[in-house]
Structure formats: structure tokens, C-alpha cells
Amino acid sequence: MPTSPDQFIFSDQFAQLGHKFSVPQTPTPLPDPYLVAVSPTALQLCGLAQETVSDDLFLQVFSGNQVAPDSTPRATVYSGHQFGVWAGQLGDGRAILLGELDGQEIQLKGAGATPYSRMGDGRAVLRSSIREFLCSEAMAGLGIPTTRALCITGSDFRIMREQPESTAVVTRLAPSFIRFGSFEHWYYREDHQALQTLADHVIARYYPELAETAQPYLALLTEVCQRTARLMAQWQMVGFMHGVMNTDNMSILGLTLDYGPFGFMEAFDPQHICNHSDTQGRYAYAMQPQIGHWNCLALGQALLPLTGAVEDTMAALATYQEAYAAQLSWHDKLGLRQVHEEDKQLISDMFAMMNINGLDFSYFFRQLSYLSQEASSRDERLRDLCVQRELFDHWLQRYRLRLKQEASQDGPRQNAMQAVNPKYILRNYLAQQAIEKAQNKDFSEVDKLRQILAHPFDEQPEHDHYAALPPDWGKHLSVSCSS
């Protein structure tokens, strides 16, 4: 394991695909950078020791000011459908791939313009960089497949968004940043050779077991569909909303990719839109499973020159629904060990009751995990939040009868529920508080949130106030694609 950044040994597997797929791109230096945050677990993922952080070269490499030995910075090309409309060529407009460390691709987001910036400045602001850093680490804590964030480097250099803002670079990592749109790019250009080269690379690097199947490309599509379906189910179960599920933001490895205007559900509303740029509600919470499938259809179309028959492709895509249903488990969140036919109505009525009463998604399930099978004063924590208390009382009575029906035991059930219902999520107001402190050069709240969110299911009683419902000022914070 390296003990200092000058021992970084980058490899560059993606560059070996050729100039069609990426172009050399030296990062634009960040004036007078300083370290904002570091993830110790992400350091371990890419084989770096904690001591590397204190070396100035760490700061210089991950702010884009110095190219490490053996690093060959590149910007990759891809295309995609954005809000359901074919957008043509896109690419890394503000992301630069440095290469790989210990099998993790290392990417600087916000390190300057590239040939794919489309008139953009290629920079990222501190605000959005903190949100991405915290959310990718929070998702890892929740056990949801995701890209990771190694560190944030900041600068007093300012750029214009809705208003002047300070800049930052977030260093993120993943086994691969290849997207659905990477395949769409070559399909719509009718370059089937490049399409096959990319597919062969993905299979050889990330799905080697598929190379031995009778139809490797069809097997690849099937595997990606199933991974995507499972990811959508995991998002739904924690109330996570991505905000911009374009095909260029969908990972070929089934990872949560490209954190922009994301949000975690608070007052439950299945039609909630976390991205105020999404005026049509295409990426509302309730739409995410359907959009995940639509994106897989787009990938299936792009792979048709390799998979052959449309019927086989549709059969592969049909596995999405089965994989989604198998991963989605409201029974687990409710502590139900058995599946009864009447449970569908119980769960449906639960969501209707939550919607009518505006119950906070995460808070509701976590508080439910503390309740016993007999009524107690603890019930009031949820009851007092309800506009229609009788509706809540009636549903809770049915739920308790259902628990007794399977002879549920309070202790084991409560433990099981608390293991799947997080106490701590990255609420927008918590992120905003950390951002405001960071804008005044106080980065302590960013690190504290990172530590809390790394263990979202633990009680952490000393941090109870981080699990509280949002204050009035924090209930309606909005984010957009520029966030």
C-alpha cells in the first residue's frame, strides 16, 4: 500500500480501447487549493494509506494541479437520452479520468473544460461537490451500489452559476464509469465495430463469467437489466430520488452514478419531484422503476447489432421486472417474515395513509421499528404527526393484528427492522448546514455528517438530533440540474 502520493502507480485500461473512446485532457489547475474532506474508506478502496493525505502532492494531484507518474488524464465520449429525448453526443464535460488505482477508476469532477464541455466551463462548485461527496458515501453506508468519493479540494476561485460561487473538485472512484450512453453513442453512429469493442472490454473486465456463455452480449444485457432493477428497488426502499435518470447517468455496472439534484423522500408523496428542472415529473419518485426499465430498453436497442434477434433481446429485458420484484421487500421494512395475500392491501393502505398525513418516509419506518405489539405512549410520536389520526390508528391496529398472526416477537422483529430502516439519511437541510459552514472554511460539519452517515442504521444516541424531522425552513429546499 502506498505511503505517499508519489508512489501512485496508475494504470489506464480504458485508454487501450483507442482514441475513439477518449481523448487526452490535462486538468486545468485549481488556484490555491485546500482540502475540504476525505473518505478513509474510499482511500482504502484505491489502495492508499491515510498518511498520503498529509502530503501536499495528494492535494495537487486530486485538485488537477499536478499529473501523477503514470497517470494519463482523459475525457471519455458518450451520448444519451435526456428527459426521454435523444440528445446526441455528450461526454465528460467536466470530468477527467486520471486512470486506475487498485482496480478503481479515479475521476476528477470539476477539473476544467474538455472537448465535450458544450460551452460549459468544466468547473464544479463547492456546494454541489459537498452534496455529491456526502451522498455517495451515505449510499455506501446504506449498502446501495454506488460510485464513491475520495476527497474534495476547494478553492477561493469563483465562477458564475445562479450567483458567484466558490469552486471545488470532487475526486470520485468506481470500477468503471461506463454508461448506457457509452453504448448508445456507437449504435447511433452505426459504428458496430466500436460497439463490439466496448462490449468486449466490459465483459472481459467486469463480467468475465459471461464470456463463457453461448450468447455473451445477450447475457450482458440480461445482467445489466437485473442489476439496474435491483438498484431501483433499493432506491425506492430508502426513499432515494436520483433526479436525472438520463441514459448517460446510468451505470453499466448497476451503480448509482452522477449525483446532481438528488433527494431523500421526507413528507411522503409518490409523485414528489426532487429536481425543479424536471417540469414534467419524468423522474418523480414513483416513476423511477419504470424509467429504469425504459433506460434498459434504450440499452437493449443499442446492443441489437450484437445480440441479434429482437425476441431474444425482449426476453432479456423481461427479466427486469422479476429482479425488481425479488429485491423490493416492504415486508422486511415492516418486520414481516411471512407473505400473505392480504399484505398487498395492508401495504397499499399504509402508503395512502402516509401520503394523506404527509408522514416523513424514513422517520415513519424507523419509529415503527420501535413500536411493540401492544399500544403504548411511543405510538404518539407518529400519531401526533398525523392530520387524520383515525386513519393512522386504524392502519396501526391492522398492522399489529398482522404481527400477531405470525406470532412475531418484539425484540427480534425490532432488531430486524432497525437493520433495514435507516435512522440517519442525508436530508437536504443537513447538507445545506454543512455547505454553509464550509463556505466559511469550517469543514467540520462535512466530516461529522460523513461519519454519521457511514453507519445509518446504528442508534448513535449522541447524534439523535441528526435524525430529527427537518425544521420548517428545511422542508422545501429545492435543487436543480446546476446543483
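Full extension from His276 to Gln215: what is 0.36 nm times the residue separation minus their Cα-Cα distance, to one decimal in nm?
17.7 nm
If you take the beta carbon distance between Asp200 and Ala87 as r and set R0 to 22 Å, what does 1/(1 + (r/R0)^6) give as a FRET efficiency, to the nearest 0.05?
Using R0 = 22 Å, I get an efficiency of 0.25.
Of the peptides 308-321, 214-227, how do they stack up when ordered by the mean number of other Cβ atoms within 10 Å, highest first?
On the way: 308-321: 15.3, 214-227: 21.3.
Ranking the peptides 308-321, 214-227 by packing returns 214-227, 308-321.
So what's the net charge close to Leu257: Lys and Arg +1, Asp and Glu -1, counting the other residues with Cβ under 13 Å from its Cβ? So the environment of Leu257 carries a net charge of 0. Taking the chain as the reference, fit the longest principal axis to its C-alpha atoms, fit the long axis of helix 428-438 to the helix C-alpha atoms, and give the angle between the two in degrees, 0 to 90, nearest 10. On a 0 to 90 degree scale, this one is about 50. Go from 0 up to the bin containing the longest alpha carbon distance in the stretch 245-314, width 5 Å each, and give me the % of pairs per bin. Pair shares across the bins are 3, 14, 21, 23, 16, 10, 7, 5, 1, 0.
Pairs of lysines in the chain whose Cα atoms sit within less than 28 Å of one another amount to 19, provided the residues are eight or more positions apart or on different chains. Applying both filters, DSSP loop and at most 16 other Cβ atoms within 10 Å, to the trypsin sites (Lys or Arg not before Pro) of the stretch 392-466 gives Lys441. A simple packing score, the average count of other Cβ atoms within 10 Å per residue, orders the peptides 255-265, 335-345 as 255-265, 335-345, with the highest score first. When the stretch 5-174 is described by a simple charge dipole with +1 on each Lys and Arg Cβ and -1 on each Asp and Glu Cβ, the residue from Gly18, Leu98, Val85 located farthest towards its positive end is Val85. Here the ratio of the Cα radius of gyration of the stretch 5-174 to 2.2 N^0.38 Å is 1.00.
Show me 14-20, 301-307 ranked by packing, highest mean number of other Cβ atoms within 10 Å first.
Numbers: 14-20: 14.0, 301-307: 20.3.
Ranked by mean Cβ neighbours within 10 Å, highest first: 301-307, 14-20.
Does anyone have the angle between helix 389-405 and the longest principal axis of the chain? Alpha-carbon axes, 0 to 90°, nearest 10? Around 90 degrees separate the two axes. Between Gln373 and Glu311, residue separation times 0.36 nm minus the direct Cα-Cα distance comes to 17.3 nm. Seen from Ala15, the other residues with C-beta closer than 15 Å to its C-beta sum to a net charge of -2, counting Lys and Arg as +1 and Asp and Glu as -1.
Taken together, the values in this text are just the output of simple stated rules run on the coordinates, not laboratory data. Everything quoted here is computed from the prediction, not taken from an experiment. Don't worry about glycine lacking a Cβ; one is built from the backbone with ideal geometry, like all the others, and counts go over all protein chains shown.
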